[in-house]
Structures are given as structure tokens and as C-alpha cells.
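A short reminder: the numbers here are calculations on the coordinates, not readings from a lab. In this text, all values refer to a predicted model and were calculated from it rather than measured experimentally. Cβ coordinates were reconstructed from backbone atoms using ideal geometry, including for glycine residues, and neighbour counts include every protein chain displayed.
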Amino acid sequence: MNRQQKPDITQMVSPFLLVFILHASQIGEGILSFERQISKVAGYDSWISVLLTGLATTIIVILIWRIVSDNNDLIDVHSEVFGKVIGKSISFLFGLYFFSVAITVLRSYIEIIQIWLFRDLDVTLFLIILYLLILYIVLGGFRIVVGFAFFSVFITLFLAIFNYAAFSNGYIDNLLPILNSKWINIIKGIEPMTFGFLGIELILIYAPFIHRFKTGLKWAVIGNGLTTIFYLFSTLAMFVYYNIEQLQKITWPALQLWKVIDFPFVERFEFIGISLHFIAIIASSNLYFWAGTQCLHRISNISFKKIAILFSLIGVFSVFYINSFLMIEKLTTFISKFGVYLLFGYIPLLFILRTIVQGGVKNKHG
Amino acid sequence: MVNFKKLLIFLLLLLFLTACIKTKILDDIELIMMFGYDWDASNEEYIGTAVSPMYGSSEESDLRENTEYMARAKTIQNINSKIDTQTANPIEIGKTLGILFGEKLVRHGIHDILLAINEDPNIGRGIHLAIARESAESLLKSTMITEGTLPRFIEKLLKNNAKTNVPDMNLHDFNYRFLGTGMDPFLPIIEATSSGIELNGIGFFKKDKMIYEIGYDQFFEFKILYTDCEDHTYQFDWEEKEQTIAISSISSKITKKWKNRNQVEIIVKINGTLTESKQLGIRSFKEKAKLEQAISQKLKEEGSKLITEFQELEIDL
């Protein structure tokens, strides 16, 4: 199974698919609950934070394109910058981070199913089935993972349409006056919002799998822009529909909103919404799981399959440790904090270090 | 051979699908259509009444039949599980059409019970709430002949009136006004009379207690001040000419103008059709203007009376 160490053309995907890959990896469980966290900080003006975060992450995307070059990925960059041993151990940490995101995203989605759909769901059994699905997709190779991501974007866009209910039942006045909260709070709102944009760091791993990677930058920026618009629309919908005090008391505002939509044939739309959202969750979890496996596969010589199976077993057994709502909440906060530092701290640092190292190499040759 | 193995594994996996959860078959559950909650002050506990339709074993059985269950407890979940002890099948609350609060309960405060209702994801947000005059229990247990079952009738009554006589107020709107700053909720009041059920008031809350109510006569003034409306009817006593006329198909539109930080001017534009005014005989523009003047004068008076009342009681709307 050494074939995936460095991909050949048969495993690559077109650069325009970056739009879908990026969007799918960014939209996960966060889309259902992020409004609560950002509005806690910046009130009704936190939609500006969404825009600012979109802008900031676009800069990070551009930085990533400067860090990795053609047929190069994070592991190469690490060993180039930090040397073999330190580089590999940092890459190892990255791999673990990817896995923990994958596991957390899945587990928090199951939490929703437990609360909203089936109280008496057998979590262990459900997780086994889920990880079988993930194993199936991930072992199929990067192209299958991307295929799933492609599919999931249409699902999330379709679900976004149903936020219209907010505008027809809501109070547009809520958004006025604009800039009522302090700028410093709006900027602070970037931190919780970044959780929704995590997924950009995955490019560092799958860069060699993109055909003509250099030309992909514009597609990645478009993908990031699509996510920004998506979040912005969702934020505005929630703010029109709820007031801030109410929003703080609701764990999943989007699901509550879907409750008022009813069609003659579906009494309560959220049941369909939650079920369809499953595709988005699986897609984003898949990308993380694939990235984690690939990362560990690259630094060790253990086969891709073995790593994937090992970590899906860990994922199934994690249910015994992550067994309460508080634990999931804690884990999500921790991972999102970690992700923010990674995105806005580590990636710029890596860029600077790499520029210095490359400069040094060039000087030696000169 | 390989394909056969794969197929076998796939079929075996299908077995897992049913094993994850308990199934719910419509015939084997008790669908609660409407809840009523009352407050028992002496024991400090809630009295919950649940109504579910009684489906007979044959198709000819009368669908008007209801069964009511009653339980007392300090928490909502406990009421549900106590009701379970009286039913043959497990109760299911996903189809609840509405929730009624007894008068005693709304005077005592509904904060706790509302949060408990919100907690339950099975209950929709579009359901209608109302206050039951006297007690919700007696209203839900009343045996009157209505169109469809009693819960369906109450739901239709509330839905229909939300379009015409009173502003719309579902569970989400109630929460919105209840939790938001500078807002207080209100609910329609329904009463069981000898002939049927009628909606005869709106109860206004301050925080979570009902402290004020208005009757049918003030519905119109309240609604035009609160929201844009269409297809309304207003009965106007023209005192100068000692005549009563009706204006129908009224549509109104509100604009709010801030005079300064503490003062707001509400301008309501009303369009309507003059009916039942044969004897009056409005034939010239002058007479029409005069009538309009008189109506707007009267509405302004009544409206400001209502507003001062709210201001004195510190009800925010």
C-alpha cells in the first residue's frame, strides 16, 4: 500500500474541485450552532465578524500556497524546516489533531441524533456502522473522498435555502442599528467564528493530490468565499429570527428554525434537515480522517489501510470516554481553540520559517 | 464468489439498521393532541391534562371521541410519565397541536413550565398557546359537540383568529417576546361557554405573570397598534349622529417615527369599506372627511388609553 506516499496522476483531482473540498471540510457540525457563540461576543453585529474571519482566512489560504509547492506537502515542509526528527514529531501531532477533529465532529453529530431524533439510540452500534462507512470511503482513495465532498456541498446549499423561513417570520429591525457593539468585540468574535472555517489546514496534506496545484489558488479562494457567504446568510437569518437573549438559550438555532417549517407531507422539517446534514458531517469527517491517515502514513512506513483501521477502532472506542454532553462541549472548545492558534499562529510562523530556511539554502548555493 | 460474499455482508449489515432504536408504530402509541397545565397553589404542583383522540377498532367509530388523562406533579416530565401509567400504550407528544395554560397558572407565573416545554425537542415551535379561563382541565374535559375533535377545534379557532382578531402568537413568538429585552408576551384567552368555546380576551404578561387583559371590544385597537393587519372589521358608534356603522375589510399599516430617544410616534394608516350605512348616506367628500375625522379621533383616544394602561402596568410591547 505504499502507492499513496506520493500520488500519481490517477489519484489526482482537478484544481476546480478545491471549491467543493474546501467547502465540505469547513461546513460541519458548527453550522448548526455557531451563531450562539459569536453572538455571545459581538451581539447583533457579529455578522461583521463573519466577514472579517472570511477575509482573514483568505489570507491564510494564500499563505498556504506560498508554503507548499508542487508535489510537496506538510511533511516535506516540516522535515525541510525542522529537520527529520522534530519535523516528523510535529507532523505526528498534526495527524493526531486531524483524527481528533474527525472523531469529535462525528460524536457531536450523534449527540444531535440522540437529543432530537432517537432518545434510545445505541451509540456504539451506530458508531461501528459509521466507521465502516468512513473506512469504505477513505480506503477508496482521495478521489472517492472528494466525490463525497462534492456531493455534500449541494446538500448544505439545499438546506441553506430553508433558512428563508427566518426572513418571512422574523424581525428585520433586529439588525439595526449597525455597529452598535464595539469594534473590539467584533474582532474578538473572529475567534469563535474561526472554528467554522477550520478545514483550510487540510490543504497542506492533500496539496500533492491536486493536479496543477499552483493554479488551484483561485478555486480555493472561491471556495472560502462561498463558505463566508454561506455563514453570513445563516447568521443574518438567525439574527432576524431570534433575539440575542433567546439565541443564548438555544443550542442549535438552525434546528429550532426548521421546526416552524411545515409542508403538507412533512409536519416537522428538522427531521429531514438533520438526516440530510448527515452527508455534510460524513464528508467533513472523511476529509479529516483521510488527512490524518495520510499524515501518519507519510511519516511512518505503516500501510495506509492499517492506520485507517486502527484509528477507526479508536474512534469507536472513544464513545466510552466521550459520553456526555459536557465532555463533547469541552472537547469542541478545546479543538476549536487549538485550530484557531494553528490557523492564525502556526501557519504564518511556518511561512516565515520556511522563507528564512529557503533563503539560507539559496545563499549557500549562491 | 467475491460478489456473493460482499452481498452477504451487505445484507447482514441491514440487520443492524433496525437494532439501533425502538420502533414506534402508530397503532401502538398514544398520540397526545393537546396539553393543558394548571397550577395547584395548595400543593405547589402542576396539574397536567393530556387529550388524545380515541381511535376505535373499526372505521365507523366516531372520531369526535377523546380520552383525557390527568396527572399531578412538580415537573413536566413527571406528569408525562404519570400519564403513562394510565394509558395502554406509551404516550408520544410529537403531534401536539397546542398547549393551554390555566388562569391560575398564568397568574402564578409560567417561567419554569415554559423552559421545560422548550427543552423538549419533540414539541414543535409553530404550535399555538392560549390561556384557558378558569382551568385548562375543565376546558379540555368539557364534552361539547365540535367540528372534529376538541383539540383540532381549539387549534383551528386559534389559527383562524390569529389571522383576523388577535395578533399571531405561536410558541416561538412567545419565547421571542418572553426572553427578549423590552418585550413582554401576550396570549389569547379562551373560555368554555354553554354553547361552545369562544375566544374572548387577550391576556398580557409582565415577565412571566399575566397581569392585565382586554376584551373583544379592544381587540381592534390593540391589533392595529401592534401589527399590520388585513380583513378586519370595526364597529363605530358615531355619537354625533347617534348611529352605529360598520367598517369592514380593513387593512392597516404601521409606521413608527422616533421623535427623540424616549418618544415614539406610531402612525397607523387604515383603509376600509363602509358597510351597513344606508341611512347615513355619505354622498359628498365633505361628509366623508367628517366621518374619517370622527373615526380617527375615536381610535386615537382609545389607542392612547390602551397605551397609558400598558405604561402604568409597565408592560412592554
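Couple of notes before you dig in:
- For the protein assembly as shown, DSSP calls about 75 percent of its internal beta bridges antiparallel.
- Computed from label points 7 Å out along Cα-Cβ, the spacing between A:Leu326 and B:Thr227 is 4.1 nm.
- Förster radius 60 Å - calculated FRET efficiency between A:Trp183 and B:Leu7 (Cβ-Cβ, nearest 0.05): 0.45
- Cβ-based charge dipole, chain B, positive-most Cα from B:Leu114, B:Gln243, B:Thr255: B:Thr255
- Pairs over the 28 Å Cα-Cα cut-off, from the set B:Lys156/B:Lys257; A:Lys259/B:Lys6; B:Lys257/B:Lys305; A:Lys249/B:Lys300; B:Lys257/B:Lys298: B:Lys156/B:Lys257; A:Lys259/B:Lys6; A:Lys249/B:Lys300.
- Reach of B:Lys141 by Cα under 18 Å, taken over aspartates and glutamates that are not fewer than 8 positions away in the same chain: B:Glu30, B:Asp38, B:Asp40, B:Asp62, B:Glu65, B:Glu68, B:Glu103, B:Glu155, B:Glu191, B:Glu198
- Helix A:217-241 vs. chain A, principal-axis angle (Cα, 0 to 90°, nearest 10): 20
- Charge sum, other residues only, whose C-beta stays under 13 Å from B:Ala162's C-beta, Lys/Arg counted +1 and Asp/Glu -1: -1
- Cα gyration tensor shape of the protein assembly as shown, rounded if a/c is under 1.5, else prolate or oblate by comparing a/b with b/c: prolate
- Per-residue Karplus couplings for segment A:327-340, computed as 6.51 cos²θ - 1.76 cosθ + 1.60 with θ equal to phi - 60°, are listed in order as 4, 5, 4, 5, 4, 4, 4, 4, 5, 5, 4, 4, x, 5 Hz, Gly and Pro entered as x.
- Springs join every pair of Cα atoms under 10 Å in this Gaussian network model of chain B, and among B:Gly180, B:Gly94, B:Gly48 the largest mean-square fluctuation is at B:Gly180.
- Candidates B:Asn260, B:Asn200, B:Asn43: whichever shows maximal mean-square fluctuation once chain B is modelled as a Gaussian network with Cα springs under 10 Å: B:Asn260
- For segment A:93-100, Karplus couplings with θ = phi - 60° (6.51, -1.76, 1.60), whole Hz, Gly/Pro x: 4, 4, x, 4, 4, 4, 5, 5
- In terms of its C-alpha gyration tensor, chain B has a prolate overall shape, because the principal axis ratio a/c (a ≥ b ≥ c, square roots of the eigenvalues) is not below 1.5 and a/b outweighs b/c.
- For A:Val357, B:Val106, order by how many other beta-carbon atoms lie within 10 Å, fewest first: A:Val357, B:Val106
- Distance between segment A:36-87 and segment A:163-183 - C-alpha centres, whole angstrom: 29
- Within the shell of other residues whose beta carbon sits under 13 angstrom from the beta carbon of A:Ile314, the net charge comes to +2, with Lys and Arg scored +1 and Asp and Glu -1.
- Rounded if a/c under 1.5, otherwise prolate or oblate - segment B:226-313, Cα gyration tensor axes: prolate
- Charge tally for B:Lys290 (other residues, Cβ to Cβ under 14 Å; Lys, Arg +1; Asp, Glu -1): +1.
- Only helices enter the 222 nm calculation for chain A: every DSSP H run of n ≥ 4 contributes -39,500 (n - 2.57), and dividing by all residues gives -22500 deg cm²/dmol, rounded to 500.
- Mean residue ellipticity (222 nm) of chain B, computed from DSSP H runs ≥ 4 via -39,500 (n - 2.57), nearest 500: -10500 deg cm²/dmol
- Amide H contacts under 5 Å for B:Asn66: B:Met54, restricted to partners 5 or more places along the chain or on a different chain, H placed in the peptide plane at 1.01 Å from N.
- Among B:Ser195, B:Ser135, B:Ser284: highest mean-square fluctuation, GNM of chain B, C-alpha pairs under 10 Å: B:Ser284
- Residue exposure proxy: A:Ile60, A:Ile9, A:Ile86, B:Ile224, ordered by other Cβ atoms within 10 angstrom of their Cβ from fewest to most, comes out as A:Ile9, A:Ile86, A:Ile60, B:Ile224.
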